[in-house]
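The structure appears below as structure tokens.
The values are calculated or read from the model by the stated rules, or taken from the named source; none is laboratory data. Predicted model, so just to flag it, every value in this text is computed and none were measured. Cβ placement follows ideal geometry from the backbone for every residue including glycine, while neighbour counts extend to all protein chains displayed. Ligands, DNA and RNA are excluded from the accessible area calculation, which covers all protein heavy atoms including side chains. Shrake-Rupley method; radii C 1.70, N 1.55, O 1.52, S 1.80 Å.
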Amino acid sequence: MAKLIYSAITSLDGYIEDESGNFDWAEPDEELHTLFNDLTRPIGTHLYGRRMYETMAYWESVDTADAPEFIRDFARIWQGAEKIVYSKTLDAPTTPKTRIERSFDSEVVREMKASAGQDLTIGGPGLADAAFRGGLVDECHLSLAPIILGGGKPALPDGIRLELELLDERRFSGGMVYLRYRVKV
């Protein structure tokens, strides 16, 4: 069975964006981006909410001609994966290998996990909230940025308690810390 992985870059106090919706503080440097490339390479399908999809769609059309190799690599990886966007307002996808679903159905995602040949990721805390509540998330990959925002959009849902097992941790020269947890069942 494939795993469903929730991945996010968060502030030290647990936010993915500040109160104004900014996340410019979360841009990974080459070292961290290279890790993200390695973690994303084996993913078969990305599950996104509309806002996360619109943010990530940048990678479909970005001009990589003069970009460093790690940027070109991520663009190729992202373009090669399937994407499912959960949105009630998006009429049509703007990228290939993408389909729109109007609602998140835990049972459908459970069936996807059972039949998938590659792992899946879920992006965006709103959609991840539904996946956590549905008991679907197998791993959390969190990258903690060396910043305290004091408020904003939380990376993790409220009202859920899960036991986690630390599988990996890495410290990066720019101050980021990567943590990989497995959800205990």
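Figures for the structure shown
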| item | result |
| --- | --- |
| Magnitude of the charge dipole, region 1-119, Cβ model with Lys/Arg +1 and Asp/Glu -1, debye to 20 | 820 |
| Once exposed loop trypsin sites (Lys or Arg not before Pro) are cut out (DSSP; at most 11 other Cβ, 10 Å), longest piece of the chain | 1-87 |
| Cα gyration tensor, region 1-52 - rounded (a/c under 1.5), prolate or oblate | oblate |
| Amide proton proximity set for residue 3, modelled H, under 5 Å, gap of 5+ | 119, 120 |
| Reachable lysines from residue 184, criterion Cα separation under 23 angstrom, eight or more residues apart if same chain | 3, 113 |
| 132, 23, ranked by accessible area, largest first (probe 1.4 Å) | 23, 132 |
| Protein-only accessible surface order, largest first, of 9, 43 at 1.4 Å | 9, 43 |
| Region 7-115: proportion of alpha-carbon pairs further apart than 24 angstrom, % | 32 |
| Among 132, 120, 90 the positive-end extreme of the charge dipole of region 59-185 (Cβ point charges) | 132 |
| Full-stretch length increase - residue 69, residue 51 - with 0.36 nm per residue and alpha-carbon distance subtracted | 3.8 nm |
| Label point at residue 41 placed 7 Å out along Cα→Cβ; residues across region 71-97 whose backbone nitrogen lies under 20 Å | 71-82 |
| Sites residue 148 and residue 106, calculated FRET efficiency, Cβ-Cβ separation with R0 30 Å, nearest 0.05 | 0.35 |
| Projected area, mean over directions - region 59-185, Cα convex hull, nm² | 10.4 |
| Rounded to 5, the percent of DSSP beta bridges in region 30-185 classed as antiparallel | 50 |
| Amide N proximity, region 127-154 versus residue 167 label position 7 Å along Cα-to-Cβ, cut-off under 20 Å | 128-144 |
| Set of lysines with alpha-carbon distance to residue 88 below 20 Å, sequence-local pairs under 8 removed | 97 |
| Cut-off 11 Å between beta-carbons: net charge of the residues surrounding residue 51, Lys and Arg +1, Asp and Glu -1 | 0 |
| Longest DSSP-loop-exposure-free segment, GluC sites (Glu not before Pro), the chain, at most 16 other Cβ within 10 Å | 20-162 |
| Longest to shortest principal axis, alpha-carbon extents of region 123-185, angstrom | 36, 28, 18 |
